[in-house]
1. If you compute Kirkwood radius over Cα pairs in Å for the structure shown, which of (1) 22.1; (2) 20.9; (3) 27.5 do you land on?
2. Need the list of aspartates and glutamates near LYS43 for cross-linking: C-alpha distance under 17 angstrom, and skip anything on the same chain fewer than eight residues off.
3. Quick one: LEU236, LEU129, fewest Cβ neighbours within 10 Å first, how do they rank?
4. Can you show me the helix-derived [θ] at 222 nm for the chain, built from DSSP H runs with n ≥ 4 at -39,500 (n - 2.57) apiece and divided by the number of residues, rounded to the nearest 500.
5. Treating cross-link reach as a plain straight distance, find the aspartates and glutamates whose alpha-carbon is under 16 Å from the alpha-carbon of LYS291, omitting any fewer than eight places away in the same chain.
6. Placing +1 at every Lys and Arg Cβ and -1 at every Asp and Glu Cβ, with all other atoms neutral, what dipole size does the chain have around its Cα centre, in debye to the nearest 20?
7. Given the pairs LYS229/LYS358; LYS33/LYS59; LYS205/LYS253, which are separated by over 19 angstrom at their Cα positions?
8. Over the range 127-275, what is the relative contact order in percent, taking alpha-carbon pairs closer than 8 angstrom and at least six residues apart?
Amino acid sequence: MFDHSSKKIFKSILKLFLIYFIAIGIITAQQSKNEGVVQYSFKNNGKISDRASLKLFYKDGIVGYESSFRRDSEKEKEFINYNDNSTYQLLTIDDGVFYQKKSFSEFEEAKILDETENILGYDCKKAVLKIKSNTIEVWFTNELGIKGSPSTSVAPGLGLILKMVRNRDYETFATNIDFRTLINEELNFDLTNAKEIDGASYYRKLIDSRYQTITVFNREQINYGDTIKNPNEEILDHTYRFSNGTVLLKKIKLPKISNGSTVMAEVNSWSNGDAYDRTGSLFIIPTNKEKSFLDAFKNGIDEVPIYYDIKDNKFQGVITTSNYDPPLELLRFFTPFGVSGFNNYTKIEGYIWADSAKYSQEVTDLIPHNGS
């Protein structure tokens with residue numbers, strides 16, 4: 001049994017515990033709303049995309065992203081830092097880690113309108129802005145005390161954007177907000193080993209990182225009549241010359257080509273004193289059968305099969321057989337009259353003669369994709 005004073009002490013302790021638990025609950029709730037994930041989906045002309053999705057992660061004033069549709073998502077990360085009101089683009093490539101930083105003041109300012117909308121149970125205000133030729137409408141809320149945008153370049157400082165519509169037909173909209181603890185893999189804003197560069201340099205590096213250039217021939221001369229001695233064995237990346245110097249061949253190994261990639265063949269040609277137009281061909285020689293056109297270069301044209309047309313004209317090495325595949329032309333080109341070599345013969349005020357003739361052709365479907 002408790003006496004009167006004991007009951008008072010018990011009630012005081014109970015009240016303290018209740019206050020303590022309420023305080024812990026408030027702190028926990030505040031912590032949870034400073035950390036979590038916003039899930040976005042996309043709608044184009046009213047049709048919801050079942051493939052594209054976006055997650056926005058936020059913690060302690062930092063926002064990061066996980067996207068299902070960005071092709072550079074492995075090497076490029078984007079962040080919003082509300083601690084210094086700046087956005088960051090972070091690029092990890094072979095020659096290092098680089099980032100560019102932009103202040104919120106560098107982005108187009110949004111005009112807040114009187115319209116409102118309730119999204120996921122939160123009252124949102126509408127704002128509109130123009131980016132280049134695009135009209136962007138956004139709906140944002142300040143009820144959560146956190147900020148974030150599904151795009152770092154669209155009104156990052158307004159509030160938490162739960163819907164964004166571009167040109168009235170492409171919509172990004174929040175489908176869920178999950179207040180939870182994040183793991184490092186979800187949001188890792190670390191500039192420790194990164195070098196800051198300006199925007200122009202950053203975008204140059206980003207564009208270059210999307211391409212892999214393989215130089216096969218580099219300023220090789222093609223001409224008739226040289227004394228030629230080729231190695232007997234096949235050497236990788238060695239230039240061989242055939243047909244009295246009018247054909248250059250090189251055995252190379254291509255990297256594995258990912259699905260969705262585009263392969264371009266490019267030739268630059270110029271005259272080293274030849275005043276005539278010369279036609280050329282860039283081609284590959286399949287070597288997956290018993291015979292190839294390489295045998296004809298080495299041992300003579302009789303190594304390859306013969307084809308006769310309806311007039312009994314004879315052609316060699318141009319048809320596929322069970323043990324032979326013909327060369328596969330990638331690109332046809334020619335050297336314009338005296339390009340480069342004769343540039344100084346005739347000068348015209350205000351006109352600069354081209355130094356070379358450049359030819360390019362998409363050859364994606366003609367190139368092996370398996371890294372052979």
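1. Only one option fits the structure, namely (3).
2. Straight-distance partners of LYS43: GLU137, ASP169, GLU171.
3. Details: LEU236 8, LEU129 17.
So the residues, fewest neighbours to most, are LEU236, LEU129.
4. Values: 3 runs with 47 residues, N = 372.
Computed ellipticity for the chain at 222 nm equals -4000 deg cm²/dmol.
5. Straight-line reach from LYS291, under 16 Å: GLU234, ASP302, GLU303, ASP325.
6. 1080 debye
7. On the way: LYS229/LYS358 30 Å; LYS33/LYS59 9 Å; LYS205/LYS253 25 Å.
Result: LYS229/LYS358; LYS205/LYS253 exceed 19 Å.
8. Numbers: 127 pairs, mean separation 16.4, N = 149.
Taking the mean separation of contacting Cα pairs over the length of the range 127-275, I get 11 percent.
Values in this text are rule-based calculations from the coordinates and carry no lab data. A quick note: this is a predicted structure, and the numbers were derived from the prediction, not measured. Don't worry about glycine lacking a Cβ; one is built from the backbone with ideal geometry, like all the others, and counts go over all protein chains shown.
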